[in-house]
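Have a look at the structure below, then the notes.
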Amino acid sequence: MYSGIVYALRSSLEKGAARPKDTAWRHVLWVGLHHMVIVTDFGRTVQEYLALSQRLVFPRPAQCPACQAVAALIGHGFYWRKPLDLERAYRIRIKRWYCTVCHHTLSLLPSFLLRFRHYVLVVIQAVVVARYESGASWAQVARQCAPHGAPSVRTIRRWCRSFAAHAPVWWAAVQQTLAQYDAAAPGLDPLGEAAGPRETPPALLQAALHLLAWAKTRWVELADYGLVDRLRFLWHWGFGQGLARLI
């Protein structure tokens, strides 16, 4: 199952590069090696992760992202995270690996979580979509996305500022990929309304849909991905491209 994981999305999408026939979406994208975290697809929600916790298979990375040593990673237990949604806090185990060469540890971060954020990604996505795609005021965002008073308005604003700050780099990377592999994507049209919004945060949200639509034609494993998965997909894809923080 893990044989194709050595093919990172960045290398597999080089123009003209051949992709092995058995290299599936999860094999390609599981190699999001960047710093000491690997963003990993373990399903859509924290509830799914918990339900499968005793049966999850944690893929062993082929090489250490710090020193590039091959076959040097051994199991190093787990650490606990306590992600939040709008209803409750959860307690989940995050798999760790240890490099016997450089002595660094790395973890497999589920794609429904972001680094440095307590809330699950679907909650954060609802906030940035309401603010930047629907044009909601801060008060409207709070009413729609935090009906019980949490996350706080301060947290909501911080998420949106962070998304806006990082959007230009991510948007440029998405545009570059679409230009190479899906040149007919409407978001690449330099003229007319088909080009979509000009401000970067809403433009990135729209471009993420075009990127997902393209990816679904390439990997059948993405068939059930929909609108609610666009930032989860974008986060996973971008991390595999070497991009850093999204929000």
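The values are calculated or read from the model by the stated rules, or taken from the named source; none is laboratory data. Owing to the predicted nature of the structure, the values given are computational and were not obtained by experimental measurement. Backbone-built Cβ (ideal geometry, glycine too); neighbour counts: all protein chains shown.
Structure above, values below:
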quantity: Residue count, the range 121-149 (criterion: of a type in the set (S, T, N, Q), over 16 Å from Leu86 (Cα atoms) and within 23 Å of the chain's Cα centre (by Cα)); calculated: 1
quantity: Residue satisfying all of: in the range 205-228; over 15 Å from the mean Cα position of the chain (by Cα) and of a type in the set (Phe, Trp, Tyr); farthest from Arg131 (Cα to Cα) among these; calculated: Trp219
quantity: Counted residues, the range 86-120 - those being polar (S, T, N, Q) and more than 19 Å from the chain's Cα centre (by Cα); calculated: 2
quantity: Any pair with Cβ under 6 angstrom, 6 or more apart, that starts in the range 202-219 at a residue that is farther than 15 Å from Arg232 by Cβ and free of Cβ contacts under 8 Å to residues at least 12 places away in the same chain and ends at one that is among the small types (Gly, Ala, Ser) and part of a helix (DSSP H, G or I); calculated: none
quantity: Residue count for the range 217-228, restricted to those that are part of a helix (DSSP H, G or I) and either at pLDDT 95 or above or under 18 Å from Tyr181 (Cβ atoms) (or both); calculated: 5
quantity: Matching residues in the range 46-71 - criterion: being outside any loop (DSSP other than H, G, I, E, B) and among the polar types (S, T, N, Q); calculated: Gln47, Gln63
quantity: Residue match in the range 75-97 (condition: part of a strand (DSSP E or B) and on the phi > 0 side of the Ramachandran plot); calculated: yes
quantity: Tabulated pairs, the range 228-247, first buried (at least 24 other Cβ atoms within 10 Å of the Cβ), second part of a loop (DSSP other than H, G, I, E, B) and modelled with pLDDT under 90, C-beta under 6 angstrom, 6+ apart or interchain; calculated: Phe239/Gly32
quantity: Residue that is surrounded by the fewest Cβ atoms within 10 Å (Cβ to Cβ) [pool: residues in the range 98-107 that are part of a strand (DSSP E or B) and free of Cβ contacts under 8 Å to residues at least 60 places away in the same chain]; calculated: Tyr98
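Listed here are the residues, each with its yes/no results for (1) polar (S, T, N, Q); (2) assigned to a helix (DSSP H, G or I); (3) at pLDDT 95 or above; (4) loosely packed, with under 15 Cβ neighbours inside 10 Å.
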site: Tyr132; (1), (2), (3), (4): no, yes, yes, no
site: Ala136; (1), (2), (3), (4): no, no, yes, no
site: Ala139; (1), (2), (3), (4): no, yes, yes, yes
site: Ala164; (1), (2), (3), (4): no, yes, yes, no
